1. Could you grab me the full set of residues in region 98-119 that are at negative phi and out of contact with any helix residue (DSSP H, G or I) (no Cβ under 9 Å at 6 or more places or on another chain)?
2. Determine the pairs where a residue that is surrounded by 17 or more Cβ atoms within 10 Å (Cβ to Cβ) and modelled with pLDDT of 80 or more, located within region 32-49, has a partner that is in a helix (DSSP H, G or I) and among the charged types (D, E, K, R) with Cβ atoms under 7 Å apart, the partner being 6 or more residues away or on another chain.
3. Being closer than 17 Å to E224 by Cβ and not aliphatic (A, V, I, L, M) is the filter; apply it to region 95-125 and report the residue that is surrounded by the most Cβ atoms within 10 Å (Cβ to Cβ).
4. Pairs needed: first member in region 189-209, in a helix (DSSP H, G or I); second member anywhere, surrounded by fewer than 18 Cβ atoms within 10 Å (Cβ to Cβ) and at pLDDT 95 or above; C-beta distance under 9 Å; at least 6 residues apart or different chains.
5. Using beta carbons and a limit of 7 Å, which pairs, at least six apart or on different chains, have the first residue in region 224-247 and in the same structural domain as A146 (by TED's automatic domain parsing) and the second one β-branched (V, I, T) and in a helix (DSSP H, G or I)?
6. If only one of L105, L145 is under 18 Å from R215 (Cβ atoms) and either at pLDDT below 95 or among the aromatic types (F, W, Y) (or both), which one is it?
7. Among the listed residues S74, S92, S83, identify the single one that is under 30 Å from D202 (Cβ atoms), of a type in the set (G, A, S), modelled with pLDDT under 55 and surrounded by 10 or more Cβ atoms within 10 Å (Cβ to Cβ).
Amino acid sequence: MIDREHKLSLSRQSQILGLCRASLYYEAVPISGQDMELMRLIDEIHLKYPFYGIRRVRNELRDLGHDVGRQHVSTLMRKMGISALYQKPRLSIRHPKHKIYPYLLRGLEITRANHVWAADITYLPMAKGFCYLVAVMDWASRKVLAWRLSNTLDTSFCTEALEEAITKYGKPEIFNTDQGSQFTSDDFTDVLKGHGIDISMDGKGQWTDNVFVERLWRSVKYEEVYLKAYGSVVEARRGLAAYFEFYNQRRRHQGLDYRTPNEVYLTTLPDRLVAA
């Protein structure tokens, strides 16, 4: 750790620790209120038109009265971790050295709980800042099994959500994600392999390969996040806990014949079916 009062010069301390001296004088520039508003609007535009690239997003912003340049939009989208779906996966950026697994769900009939689980990450705007949300979902029932918030796009919060889901609900036969570095990392895939779970990954930029989680994000944002404008991560965590309880236990889905995720999950568990 750098000690500015130490008799050794900062240059020598930096050299010993293998640090760049210039980094000692860097102070992070806070995101302006104007940029936070632009990021919130970009998130809404991207959710509604996920195939829009930088130029189209910029044009949408201009239609809303924000005279912003293409480069600035690009910078903000990169900070948010999103991009047009035809270019590459969104929040989860592919790591060139990580193994990519094949997509196993094409043509597969998924009608029972714990057959296939899926996970994804999304950006969440707040009143003063932003964070990231990862969720693990049972594919057949749409039940949210576990979720975590983080202020960085690291791997640990994804692994924590995965381990919690397995602890609470057992394990699926197949786990599907996009090709993002969080999900292709050894920390994440080793958990899946350790439980004998087959790993499936979407085709590059193919959001339809994980469509039910994409629909979850739309519900979460329009029914909860955009209405609340959380003031802090603590407030976001509290609000999302209440929302996911409602989503699992009370929100009826047209695609589930107007049943709740909990109802479908419990009635399609393999052991329940055998007992019946």
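1. Residues satisfying the conditions are P102, L104, L108, E109, I110, T111, V116.
2. Every condition considered, the pairs that remain are I45/E60.
3. D120
4. Every condition considered, the pairs that remain are V191/E163; L192/K171; L192/D198.
5. Within 7 Å, the pairs are Y243/V220.
6. On the way: L145 fails: either at pLDDT below 95 or among the aromatic types (F, W, Y) (or both).
On inspection, the qualifying residue turns out to be L105.
7. Answer to the selection: S92.
Quick grid of which residues meet (1) crowded, with 16+ Cβ neighbours inside 10 Å; (2) under 24 Å from M126 (Cα atoms); (3) of a type outside the set (A, V, I, L, M, F, W, C):
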site	(1), (2), (3)
V220	yes, yes, no
Y230	yes, yes, yes
E235	no, yes, yes
R250	no, no, yes
Q254	no, no, yes
T260	yes, no, yes
T268	yes, no, yes
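The values are calculated or read from the model by the stated rules, or taken from the named source; none is laboratory data. These numbers were taken from a predicted model, which means no experiment stands behind them. Backbone-built Cβ (ideal geometry, glycine too); neighbour counts: all protein chains shown.
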